[in-house]
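Novice: One structure, pasted below without further comment.
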């Protein structure tokens, strides 16, 4: 992984670790609390647009779980 991607991954993991919703967290796009800095949020959107469709082939179960989670709402 390139240094820029590693830094973004570390940032995302830190945000997820401190998420107030814990295990019941919806996907970030559906969340009522946007904890990412605007520039990081935009970068995550770019990464997901690129990698999201590829997830169906590389990790189909994880991709389907993500799609199901996308339908959840934050409490």
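Novice: Could you give the length gained on full extension between residue 46 and residue 17, defined as 0.36 nm per residue of separation minus the Cα-Cα distance, in nm?
Specialist: 8.3 nm
Novice: How much mean residue ellipticity at 222 nm does the chain get from its helices, if each DSSP H run of length 4 or more adds -39500 (n - 2.57) and you divide by all residues, to the nearest 500 deg cm²/dmol?
Specialist: -20000 deg cm²/dmol
Novice: Further, regarding this structure: For the residue pair residue 57 and residue 37, what label-to-label distance in nm results when each label sits 7 Å from Cα along the Cα-to-beta-carbon direction?
Specialist: 3.4 nm
Novice: Could you grab the relative contact order for the chain? Cα pairs under 8 Å, six or more apart, rounded to a whole percent.
Specialist: Computed value for the chain: 44 percent relative contact order.
Novice: Using only C-alpha positions, report the orientation-averaged shadow area of the convex hull of region 3-69, nm², one decimal.
Specialist: Averaged projected area of region 3-69's Cα convex hull equals 4.8 nm².
Values in this text are rule-based calculations from the coordinates and carry no lab data. Just so you know, these numbers come straight off a predicted model, no measurement behind them. Glycine gets a Cβ as well: all are built from the backbone with ideal geometry, and neighbour counts include every protein chain shown.
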